[in-house]
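The values are calculated or read from the model by the stated rules, or taken from the named source; none is laboratory data. Computed from a predicted structure; not experimentally measured. Please note: Cβ atoms are built from the backbone with ideal geometry, for glycine as well, and neighbour counts cover all protein chains shown. For the accessible areas, the whole protein counts, side chains as well, though only heavy atoms, and no ligand, DNA or RNA atoms are used. Shrake-Rupley method; radii C 1.70, N 1.55, O 1.52, S 1.80 Å.
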Amino acid sequence: KNTQYTMCWLDYKRCEDENYINKVLPFISNIYIVENNYYIRNAALELKEGLRSVFGIDPIIQTNSYPDFKQGTVIGKLGNDVMERFISKTERDKVADEGFLIKSVTNDSKSIIVLAAKSESGIIYGVFELINRLRLKSDLSSLNIIENPKAALRIINHWDNMDGSIERGYAGDSIFFSNGRIKKSLKRIKDYARLLASTGINGIVINNVNVRGKAVWLITPKFLPQLSEIAEIFRLYGIKLYLSINFASPIYIGGLSTADPLDPGVIRWWQDTVKMIYTYIPDFGGFLVKADSEFNPGPYVYGRSHADGANMLAKALLPYGGIVIWRAFVYNCLQDWRDTKTDRAKAAYDNFKPLDGKFLDNVVLQIKYGPMDFQVREPVSPLFGGMEKTNQMIEFQITQEYTGQQIHLCYLGTLWKEILEFDTYCKGEGSYVKRIVDGSLFGRKYCGFAGVSNIGNSINWTGHDLAQANLWTFGRLAWDPDRSVEDIAKEWILLTFGDDKKVLENILWMLLNSHRIYEKYTTPLGLGWMVNPGHHYGPNPEGYEYSKWGTYHRADTKAIGVDRTSKGTGYTLQYHSHWQEIFDDMEKCPEELLLFFHRVPYTHRLKSGKTLIQFMYDSHFEGADEVDVLIQKWEELKGKIDENIFNRVSERLKMQKEHAIEWRDVINTYFYRKTGIPDEKGRVIYP
Ligand code: GCU
């Protein structure tokens with residue numbers, strides 16, 4: 001047994017329920033694969049291992065030989081003669097490329113499970129679904145599932161550097177790189193692929209979007225042989241490999257004098273490079289590009305547009321089926337704090353809206369969920385309602401850069417779900433973000449989800465054991481954004497900790513309330529930032545106030561916040577009129593975003609009748625107090641949870657409490673000193 005790391009929700013525990021075991025055994029004591037296929041065989045092995053751990057049985061995998069009406073689980077691709085015997089045309093038509101069908105058939109009192117898909121990846125997703133159903137003790141005799149992912153692209157982004165460090169990583173070092181090299185051992189990478197496949201992920205970018213030093217060379221034969229091995233591991237699990245590239249590679253690697261996307265030499269260089277990549281990785285996914293952003297080179301350097309840059313790469317990738325994922329995180333990161341005209345929130349839209357319709361079909365724009373940078377709360381980026389003729393992906397940050405860095409418990413599923421349910425009104429009522437990023441609203445092929453990974457080589461992958469729920473939830477929401485987050489979280493708890501009622505109840509409460517609590521003691525009302533510069537952990541109310549990054553709150557003794565209305569910076573004009581009117585109006589603006597859109601006097605009365613300043617005090621005192629509830633809920637589970645996990649989480653909750661108090665005191669003191677207005681409740685405001 002592996003002692004280096006846990007397997008999170010795939011840590012299979014033995015089923016003790018004799019009754020259930022007896023019921024399901026006939027369905028699973030044989031595994032038949034109806035064609036000899038390396039990938040399907042791997043999926044069957046995955047099932048076999050799962051059954052061994054959960055039920056202690058050792059089914060034999062039989063290939064190419066499905067004798068009529070034998071009992072067991074039959075696995076194969078749709079269209080295969082054997083599978084067709086069990087599946088109707090209506091059923092077959094319902095299964096999409098990466099989807100699967102699992103159903104039970106009872107024939108002559110023989111018990112059969114049929115698991116069919118169009119593709120190998122559908123089969124591996126189906127196998128994990130089947131294992132999970134068995135672990136959750138579903139009734140097999142009535143099993144009848146057809147599942148298809150809603151979005152085409154469900155991609156994890158790693159910000160891993162080749163020295164082994166991870167930008168914004170809080171769970172150890174990279175599992176892919178160390179000391180400027182690709183790691184030799186593939187074992188952990190394989191287990192990672194299993195974890196991801198079990199949530200429905202189908203793509204991975206393994207290197208940081210900031211491509212510097214050795215990482216520039218990943219697209220060359222220096223590293224491609226090893227990358228092809230990694231690609232093969234992921235391929236077994238339905239996951240395609242992508243790479244982040246440096247836009248100036250033709251200069252750095254090719255020795256050219258320019259990286260101008262319209263230069264024939266540059267075009268040729270990229271064509272040759274892409275051609276070579278595909279000789280090593282025939283199903284290579286494509287490139288992720290951070291261009292003209294935070295000191296990374298891009299087409300602007302040559303007076304070209306982002307469409308020129310992206311399309312040049314897209315043309316090189318097109319013959320092989322590859323895509324370009326182009327990030328919209330473009331803004332002026334050298335803004336003077338005295339400049340009140342420039343508004344960073346407007347930047348992505350200003351840069352990309354004019355290019356709508358100009359990108360080739362195999363280009364996807366990857367857009368952070370909000371207009372700034374993964375704050376605890378931001379409005380939905382107006383680009384989601386603004387680009388009807390462009391493929392779009394939403395970028396979430398699973399890693400908790402601004403949300404407690406995996407020391408604080410901050411479950412992000414609730415926030416993500418709210419964002420996905422946001423109605424942009426771009427095609428009238430019902431134009432939800434989830435329908436834009438799953439491609440259905442505008443009938444676009446390449447759309448989807450990108451999540452910045454929260455894993456590293458720590459024993460539990462994510463530092464905070466409960467942060468595993470964020471990775472799980474990202475994958476599950478990307479697969480089906482219509483699912484309830486409560487359901488997704490429940491499933492994670494059951495698969496990770498078993499079915500103790502108290503465990504389920506308490507952890508569910510902790511997860512579902514944790515984001516609100518974190519928001520309360522940090523920067524509520526859409527304020528954001530106020531973090532220490534650089535590492536972004538802990539409170540610092542003016543940490544970014546006089547530096548170049550464009551993230552000002554402009555607090556003075558009377559008021560705080562930036563007027564982003566149509567009369568202010570004009571940011572609200574980027575939304576459809578429905579939202580523009582709401583956001584423009586201080587009374588109608590959702591309170592949780594008030595300070596994002598408005599400059600508000602401290603004495604302004606909120607809907608509750610409280611003044612803004614009193615709300616700030618109350619929110620911080622309450623938030624810090626509520627961490628005690630998190631601690632109490634966890635303490636109640638002592639003895640019901642694996643001791644190592646219990647202790648690790650207890651330790652982090654203790655740190656969270658200390659740091660929540662620091663947040664409370666620093667922020668409250670800041671507002672007290674700015675305004676001179678005391679707390680109505682007379683609580684002690686430090687110092
Ligand atoms: C944030 C983060 C950076 C990262 C950047 C990005 O600003 O702090 O570390 O490189 O986002 O998304 O590109």
**Prompt:** If you check residue 419 against the conditions, is it open to solvent by less than 10 Å² (accessible area, probe 1.4 Å) and within 15 Å of the ligand (Cβ to nearest atom)?
**Reply:** no
**Message:** I'd like the full set of residues that are open to solvent by 10 Å² or more (accessible area, probe 1.4 Å) and closer than 19 Å to residue 141 by Cβ, limited to the stretch 28-54.
**Reply:** 29, 30
**Prompt:** Do we have any residue at all in the stretch 429-448 that's within 16 Å of the ligand (Cβ to nearest atom), more than 30 Å from residue 646 (Cα to Cα) and surrounded by 23 or more Cβ atoms within 10 Å (Cβ to Cβ)?
**Reply:** no
**Request:** Kindly indicate whether residue 215 is small (Gly, Ala, Ser), out of contact with any helix residue (DSSP H, G or I) (no Cβ under 6 Å at 6 or more places or on another chain) and either in contact (Cβ under 8 Å) with a residue 60 or more places away in the chain or within 16 Å of the ligand (Cβ to nearest atom) (or both).
**Result:** yes
**Contacts under 6 angstrom Cβ, first residue in the stretch 16-40 being assigned to a strand (DSSP E or B), partner surrounded by fewer than 18 Cβ atoms within 10 Å (Cβ to Cβ) and not aliphatic (A, V, I, L, M), 6 or more apart** = 32/62; 33/63
**Request:** Answer yes or no: is there a residue in the stretch 79-96 that is touching a residue at least 60 places away in the same chain (Cβ under 8 Å) and either of a type outside the set (Val, Ile, Thr) or within 16 Å of the ligand (Cβ to nearest atom) (or both).
**Result:** no
**Fill in**
Of the candidates 187, 240, the one satisfying the condition of being of a type in the set (Lys, Arg) and closer than 20 Å to residue 396 by Cβ is 240
**Request:** Please find, among 607, 640, 567, the residue that is within 30 Å of residue 672 (Cβ to Cβ) and not in a helix (DSSP H, G or I).
**Result:** 607
**Item:** Lone qualifier among 222, 275 - being assigned to a helix (DSSP H, G or I), surrounded by fewer than 19 Cβ atoms within 10 Å (Cβ to Cβ) and either charged (D, E, K, R) or touching a residue at least 60 places away in the same chain (Cβ under 8 Å) (or both)
**Value:** 275
**Prompt:** assigned to a loop (DSSP other than H, G, I, E, B), more than 18 Å from residue 507 (Cα to Cα) and open to solvent by less than 30 Å² (accessible area, probe 1.4 Å), is that true of residue 667?
**Reply:** no
**Request:** Could you grab me the full set of residues in the stretch 297-328 that are of a type in the set (Phe, Trp, Tyr) and touching a strand residue (DSSP E or B) at 6+ places or on another chain (Cβ under 7 Å)?
**Result:** 326
**Asked** Can you tell me which residues in the stretch 599-619 are open to solvent by less than 50 Å² (accessible area, probe 1.4 Å) and among the β-branched types (Val, Ile, Thr)?
**Response** 600, 611, 613
**Asked** How many residues does the stretch 463-498 hold that are in a loop (DSSP other than H, G, I, E, B) and closer than 14 Å to residue 10 by Cβ?
**Response** 1
**Message:** Between 526, 550, which is touching a residue at least 60 places away in the same chain (Cβ under 8 Å), more than 16 Å from the ligand (Cβ to nearest atom) and not in a helix (DSSP H, G or I)?
**Reply:** 526
**Item:** Filtered residue count, the stretch 388-416, keeping only those that are buried (at least 24 other Cβ atoms within 10 Å of the Cβ) and touching an Asp or Glu at 6+ places or on another chain (Cβ under 7 Å)
**Value:** 1
**Message:** So, in the stretch 462-490, exactly how many residues are open to solvent by 40 Å² or more (accessible area, probe 1.4 Å) and not hydroxyl-bearing (Ser, Thr, Tyr)?
**Reply:** 5
**Complete:** Per the filter on the stretch 218-260, residues within 16 Å of the ligand (Cβ to nearest atom) and either basic (Lys, Arg) or more than 30 Å from residue 120 (Cβ to Cβ) (or both) are 246, 247
**Fill in**
So, first residue surrounded by 17 or more Cβ atoms within 10 Å (Cβ to Cβ) in the stretch 503-516, second residue among the hydroxyl-bearing types (Ser, Thr, Tyr) and in a helix (DSSP H, G or I), Cβ within less than 7 Å, six or more apart or across chains; the pairs are 515/414
**Request:** Kindly establish whether residue 307 is within 16 Å of the ligand (Cβ to nearest atom) and either farther than 22 Å from residue 208 by Cβ or free of Cβ contacts under 8 Å to residues at least 40 places away in the same chain (or both).
**Result:** no
**Complete:** Filtering the stretch 278-297 for residues that are over 13 Å from residue 227 (Cα atoms) and either within 16 Å of the ligand (Cβ to nearest atom) or open to solvent by 30 Å² or more (accessible area, probe 1.4 Å) (or both) leaves a count of 11
**Asked** What do you reckon, is residue 50 part of a helix (DSSP H, G or I) and among the small types (Gly, Ala, Ser)?
**Response** yes
**Request:** Taking only the stretch 356-377 into account, find how many residues are within 23 Å of residue 389 (Cβ to Cβ) and either open to solvent by less than 20 Å² (accessible area, probe 1.4 Å) or touching a Cys at 6+ places or on another chain (Cβ under 9 Å) (or both).
**Result:** 11
